[in-house]
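S.K.: Questions regarding the structure given below will be posed in turn.
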Amino acid sequence: MWSGPRNVSTALMRSWENRPDTIVVDEPFYAHYLEATGIEHPGREEILANHERDWRKVVESLLAPLPPGVGIVYQKQMSHHLLPGMGRGWLGSMTHAFLIRDPAPMLASLADKLGRFELDATGLPQQVEIFDFVLRTTGRVPPVVDSADLLAAPEAMLRALCAALGVPFDERMLAWPAGPRASDGVWARHWYERVWRSTGFEAPAVARAQRLSGRLAELDALCRPLYERLRANRLQA
């Protein structure tokens with residue numbers, strides 16, 4: 001599942017992890033991304049100390065045989081973690097889907113966490129690149145889920161996603177126990193406070209126009225065509 005930050009991606013990971021046939025992998029390339037870019041993120045040194053930094057070894061782990069009783073490995077991938085110098089050949093061994101969010105609230109939420117950042121940190125350029133790669137190499141449009149649709153109708157959207165991926169829907173995807181998981185990356189305490197309190201998908205707040213200014217407004221103008229390109233292919237419940 002290729003996502004950008006602040007897209008409800010951790011809640012969707014919880015949903016899949018609550019299936020008895022599924023294990024999840026939380027942002028496996030995060031440490032490599034931090035080391036290769038030198039970018040400062042909350043908990044940077046702890047992430048580098050506790051997670052694999054060699055992207056090739058990460059790929060090997062993602063391609064490893066499934067454990068007994070497991071039918072699905074769900075990867076929560078941040079698309080901006082797939083850097084230009086990383087190989088793409090392994091992508092052909094995966095089934096791909098995409099999670100998107102309207103840029104305005106995403107940018108405002110990301111700014112609360114990171115302060116100033118550039119377009120690549122949103123993951124949208126990389127999502128479009130990966131989407132095009134999958135479309136070109138498979139000849140099929142991969143499923144795209146808009147987080148607003150997911151929050152508005154969780155069961156309908158999860159059913160649509162499962163159907164698109166060729167796996168049966170499981171009602172246990174709709175709710176999960178609160179709290180942290182052993183599968184969470186060490187960055188969880190910086191990013192997952194709300195998810196730790198959750199037991200399911202939260203109904204969206206009353207929609208209101210997100211007014212951005214300055215640099216965030218500039219980024220919104222760059223993000224919106226990329227978002228709309230992906231949104232044109234979104235799943236309909």
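The values are calculated or read from the model by the stated rules, or taken from the named source; none is laboratory data. Predicted model only: the values in this text are computed from it and were never measured. Glycine also receives a Cβ, built like all others from the backbone with ideal geometry; neighbour counts cover every protein chain displayed.
S.K.: Looking only at the stretch 90-122, count every residue that is outside any helix (DSSP H, G or I), closer than 18 Å to Met1 by Cβ and among the aromatic types (Phe, Trp, Tyr) and tell me the total.
M.R.: Result for the stretch 90-122: 1.
S.K.: Consider Pro68 carefully, then state whether it is in contact (Cβ under 8 Å) with a residue 40 or more places away in the chain, exposed (fewer than 15 other Cβ atoms within 10 Å of the Cβ) and more than 17 Å from the chain's Cα centre (by Cα).
M.R.: So Pro68 fails the test.
S.K.: Another question, then. If I ask for residues that are of a type in the set (A, V, I, L, M), more than 15 Å from Glu228 (Cα to Cα) and outside any helix (DSSP H, G or I), which ones from the stretch 142-156 would you list?
M.R.: Result: Ala153, single match.
S.K.: Looking only at residues in the stretch 138-162 that are more than 16 Å from the chain's Cα centre (by Cα) and under 27 Å from Arg88 (Cβ atoms), which one is surrounded by the fewest Cβ atoms within 10 Å (Cβ to Cβ)?
M.R.: Taking the candidates together, the pick is Gly139.
S.K.: How about the stretch 13-44: which of its residues are among the hydrophobic types (A, V, I, L, M, F, W, C) and either closer than 17 Å to Phe117 by Cα or crowded, with 20+ Cβ neighbours inside 10 Å (or both)?
M.R.: Met13, Trp16, Val24, Phe29, Ala31, Leu34, Ala36, Ile39
S.K.: Sticking with this structure for a sec: Looking only at the stretch 171-210, count every residue that is within 13 Å of Arg14 (Cβ to Cβ), modelled with pLDDT of 95 or more and of a type in the set (D, E, K, R) and tell me the total.
M.R.: 4
S.K.: From the list Leu151, Leu165, which one is more than 14 Å from Arg234 (Cβ to Cβ) and in contact (Cβ under 8 Å) with a residue 40 or more places away in the chain?
M.R.: Leu165
S.K.: Would you check if there is a residue in the stretch 174-184 being surrounded by 20 or more Cβ atoms within 10 Å (Cβ to Cβ) and part of a helix (DSSP H, G or I)?
M.R.: no
S.K.: Does Pro28 qualify as being within 21 Å of Ala111 (Cα to Cα) and either of a type in the set (Gly, Ala, Ser) or within 19 Å of the chain's Cα centre (by Cα) (or both)?
M.R.: So Pro28 fails the test.
S.K.: Taking the stated definitions as given, is Asn7 surrounded by fewer than 20 Cβ atoms within 10 Å (Cβ to Cβ) and within 18 Å of Ser198 (Cα to Cα)?
M.R.: no
S.K.: Please find, among Ser61, Ser9, the residue that is within 23 Å of Glu118 (Cα to Cα) and among the hydroxyl-bearing types (Ser, Thr, Tyr).
M.R.: Criteria check complete, one pass: Ser9.
S.K.: Would you confirm whether or not the stretch 61-81 contains a residue that is touching a Ser or Thr at 6+ places or on another chain (Cβ under 9 Å) and basic (Lys, Arg)?
M.R.: So far as the stretch 61-81 goes, yes, one or more of its residues are touching a Ser or Thr at 6+ places or on another chain (Cβ under 9 Å) and basic (Lys, Arg).
S.K.: Same structure again: Any residue that is closer than 24 Å to Cys223 by Cα, in a helix (DSSP H, G or I) and at pLDDT 95 or above - is there at least one of those in the stretch 59-80?
M.R.: yes
S.K.: Now, a different point. Leu48 - would you say it is part of a helix (DSSP H, G or I), touching a His at 6+ places or on another chain (Cβ under 8 Å) and surrounded by 15 or more Cβ atoms within 10 Å (Cβ to Cβ)?
M.R.: no
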